[in-house]
Amino acid sequence: MPLWQLFVPEDAYTTEEKHDLGNRITNIYSDNFDLPRFYTTVIFHDLKPASFLVGGEERGKFVQVAIVHAARTAGQIGERLGVSEAEVNSVFIKLAHEALQPYVADRGYEWELHVENVPHETWNIDGMEPPPPWSDVEKRWAKDNRSSPYVTADA
């Protein structure tokens, strides 16, 4: 589960733009970190500009991006790829900025993003514990683009 919550001014993006940005974000994980596409959730919170207060002052052209990671840790990915956790984090931030660039910075929005990493054990999907990362079951889930019951020994 990567969960991206984008707090944006109302009417900042059309439905088509939200779909495109959602796909750009999903591609970060499916193309670079071997995550099933359906693990990635993107939620847009459309807010009135007066709802954005930064330093106690209204900011009408502001986007806040809150990201939660549970399916993979940077440490797990680094270990698998033979690179440091810091390198994985650096690559991720670069990819996140590239995905957001045309919809945030290029449009003149002030913005901030942060990433929270939560333990894999604290996450479930469709009431099930997700299979171990890179397991055969997870690969099947990725192919099917959905979860399905499995026996732990099969993972």
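A few remarks follow.
- So Ile43, is it buried (at least 18 other Cβ atoms within 10 Å of the Cβ) and either touching a Leu at 6+ places or on another chain (Cβ under 9 Å) or in contact (Cβ under 8 Å) with a residue 40 or more places away in the chain (or both): no
- Once segment 50-71 is narrowed to residues that are surrounded by fewer than 17 Cβ atoms within 10 Å (Cβ to Cβ) and of a type outside the set (A, V, I, L, M, F, W, C), the residue that is nearest to Trp123 (Cα to Cα) is Ser51.
- Test: residue in segment 72-83 that is touching a residue at least 60 places away in the same chain (Cβ under 8 Å) and either crowded, with 17+ Cβ neighbours inside 10 Å or out of contact with any strand residue (DSSP E or B) (no Cβ under 7 Å at 6 or more places or on another chain) (or both): yes
- When segment 33-83 is filtered for residues that are closer than 29 Å to Pro133 by Cα, of a type in the set (D, E, K, R) and modelled with pLDDT of 95 or more, only Arg37 remains.
- In segment 31-42, the residues that are over 16 Å from Val88 (Cβ atoms) and not hydrophobic (A, V, I, L, M, F, W, C): Pro36, Arg37, Tyr39, Thr40, Thr41
- Considered as a group, the residues in segment 130-151 that are out of contact with any Ser or Thr (no Cβ under 8 Å at 6 or more places or on another chain) and free of Cβ contacts under 8 Å to residues at least 12 places away in the same chain include one that is surrounded by the most Cβ atoms within 10 Å (Cβ to Cβ), and that residue is Lys139.
- Take the conditions (1) in contact with an Asp or Glu (Cβ under 8 Å, 6 or more places away or on another chain); (2) free of Cβ contacts under 8 Å to residues at least 12 places away in the same chain; (3) of a type outside the set (Ser, Thr, Tyr); Gly55 misses just one of them, which is (1).
- Pro119 being surrounded by fewer than 18 Cβ atoms within 10 Å (Cβ to Cβ) and modelled with pLDDT under 95: yes
- Test: Arg24 is at pLDDT 95 or above and within 16 Å of the chain's Cα centre (by Cα): yes
- When residues in segment 22-70 are screened for being touching a strand residue (DSSP E or B) at 6+ places or on another chain (Cβ under 7 Å) and under 18 Å from His114 (Cβ atoms), 20 of them pass.
- Residue in segment 99-109 that is within 19 Å of Phe38 (Cα to Cα) and surrounded by 14 or more Cβ atoms within 10 Å (Cβ to Cβ) present: yes
- Among the residues listed as Thr15, Thr41, the single one being β-branched (Val, Ile, Thr) and more than 30 Å from Val137 (Cα to Cα): Thr15
The values are calculated or read from the model by the stated rules, or taken from the named source; none is laboratory data. Not measured: the values here are computed from a predicted model. As a convention, Cβ positions derive from the backbone with ideal geometry for all residues, glycine included, and neighbour counts pool all protein chains shown.
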